[in-house]
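Peer 1: My questions will all concern the structure given below.
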Amino acid sequence: CISIPMFVGYTLGRMFGVACGALGILMTLATGLTIDAYGPITDNAGGIAEMTGMPKHVRKNTDKLDAAGNTTAAIGKGFAIGSAALVSLALFGAFADTVGITDLQLIGAWQFAGLVVGAMIPYWFFAMTMESVGMAANKMVLEVRRQVSEKRGNRDDSKLNLDFKSQGFEGLRSNVLDALNSATSDAKSNKNPQELGTKLGELAQLLQNTQEECEECYGKAVGAANPDLLETTDDQYAKCIAIATDASLKEMIAPGALVLLTPLIVGFLFGVKMLAGVLLGSLASGVSMAISASNTGGAWDNAKKYIGAGHLVINGEVRGKKTDEHNAAIIGDTVGDPLKDTSGPALNIVMKLMAIVSLVFARSFPSQEKGGYLQQMVGQ
């Protein structure tokens, strides 16, 4: 779809036609903002519903809305990617006109090398941003774990009047006893080691899930007895926010330098012909990667919600929350969130910023007849 307005615009009006195509996509700005705003609103609504302890059916409804929000967000990002591609191509046309490139021959050592290098830039940038998000998230998890451990160490639950019954503890204990009795009966009567192993695996999974539910039950009982024990102070919030803000600034230095310095290094050392190849290569790979990241991230998030809602059935068995399939979907969503929210949208900036830097410094680069300074040194 993006290639059609590029072809038609260039055929009818050359680079002016491409620029008009970019302007046409930007005319849908109001619709794009509305689509993009819907997803975060429903996502935050689900988080608020879960943190405030609202009934499960409320969270179930917000998950459905959030799944639709992921889809609308992918559509909105598609418009942004399309406009970024057309704008980058229009800026490339202005750069080519400024440096005097009227007919770029891709069959050439420097041009071909530029295409390969340019196609690599979005992947390099992509990897750096994904790694940065992972490092920041790990620091956040360690800080939250420290705060939780500190809270547990400073409180004395023995003085609290804890009501476990109202939190459903009796039902959990009954389920455990029934499962153990059933497992004991199977162990006595079953003579097939494979079937017995399968039963033991199911029992282990049940006990692990019940352990998490018991810990949740205990936490709810403590919160009901003394809500102040579970309150988070402003200083604790500030430490988590500081981790996120520091990472958003420090971790973006290297990716930003990559995007800003690449056109300058290539333009001055290797010449404008190779730089033209770099710009075209980064545009081609950046568009495909941005679209793939936005769609993949939303798909992973929706897959997690689909399985968590109990819609996945394998061999007649519902595989919902706290199953291996759901755990795998959670891991996928952990990768999908930075894909659709960080790396994917940032590639739009990569495409446009490299073209803008090249255009701004176009008259400072050596002429295409002389070639870059390194080209002049090697005599090519």
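The values are calculated or read from the model by the stated rules, or taken from the named source; none is laboratory data. Remember, predicted model here, so these are calculated numbers, not experimental data. For neighbour counting, all protein chains shown are included, and Cβ atoms are generated from backbone atoms with ideal geometry for every residue, glycine included. With ligands, DNA and RNA removed, areas are computed over all heavy atoms of the protein, side chains included. Shrake-Rupley method; radii C 1.70, N 1.55, O 1.52, S 1.80 Å.
Peer 1: Please work out how much length the chain gains when fully extended from Glu131 to Lys165, using 0.36 nm per residue of separation minus the C-alpha to C-alpha distance, in nm with one decimal.
Peer 2: 7.7 nm
Peer 1: Determine the gain in length on full extension of the stretch Cys240-Glu212; use 0.36 nm per residue of separation and subtract their C-alpha separation, reporting nm with one decimal.
Peer 2: 7.6 nm
Peer 1: Could you compute the net charge surrounding Ser343? Neighbours are other residues with a C-beta less than 11 Å from the C-beta of Ser343; K and R count +1, D and E count -1.
Peer 2: -2
Peer 1: Additional query: Could you give the dipole magnitude of the chain about its Cα centre, charging the beta-carbon of Lys and Arg +1 and that of Asp and Glu -1, in debye to the nearest 20?
Peer 2: Value, rounded to 20: 640 debye.
Peer 1: What full-extension length gain, to one decimal in nm, is calculated for Ala109 and Ser364 as 0.36 nm per residue of separation minus the Cα-Cα distance?
Peer 2: Once the chain is fully extended between Ala109 and Ser364, it gains 89.5 nm.
Peer 1: A further question follows. Helix 253-270 against the longest principal axis of the chain: what's the angle in degrees, Cα atoms only, rounded to the nearest 10?
Peer 2: Orientation of helix 253-270: about 20 degrees from the principal axis.
Peer 1: Keeping every protein chain present and rolling a 1.4 Å probe, give me the accessible area per residue for the chain in Å².
Peer 2: Result: 58 Å² per residue.
Peer 1: Against the longest principal axis of the chain, how steep is helix 272-308, in degrees 0 to 90 to the nearest 10, with axes from Cα atoms?
Peer 2: 20 degrees
Peer 1: So, one more: Less than 15 Å from a label point 7 Å out along the Cα-to-Cβ axis of Ile75: which backbone N atoms in region 12-44 qualify, by residue?
Peer 2: 28-40
Peer 1: In a GNM of the chain with a 10 Å cut-off on Cα contacts, which of Thr342, Thr62, Thr210 has the highest mean-square fluctuation?
Peer 2: Highest fluctuation among the options: Thr210.
Peer 1: I'd like the carbon and sulfur percentage of the solvent accessible area for the chain, probe radius 1.4 Å, heavy atoms only, ligands and nucleic acids excluded.
Peer 2: With neighbouring chains kept in place, the figure for the chain is 63 percent.
Peer 1: Hey, another quick one. To the nearest 10 degrees, how steep is helix 29-51 against the longest Cα principal axis of the chain, on a 0 to 90 scale?
Peer 2: 20 degrees
Peer 1: Mind jotting down a quarter of the surface of the convex hull over the alpha carbons of the chain, in square nanometres, one decimal?
Peer 2: Directional mean of the projected Cα hull area for the chain stands at 27.0 nm².
Peer 1: If you don't mind, there's one more thing I want to ask. Kindly provide the helix-only [θ] at 222 nm of the chain, computed as the sum of -39,500 (n - 2.57) over DSSP H runs of four or more divided by all residues, to the nearest 500 deg cm²/dmol?
Peer 2: -28000 deg cm²/dmol
Peer 1: Note down the magnitude of the dipole of region 311-361 about its Cα centre, charges +1 on Lys and Arg C-beta and -1 on Asp and Glu C-beta and zero elsewhere, to the nearest 20 debye.
Peer 2: Dipole magnitude for region 311-361 comes out near 160 debye.
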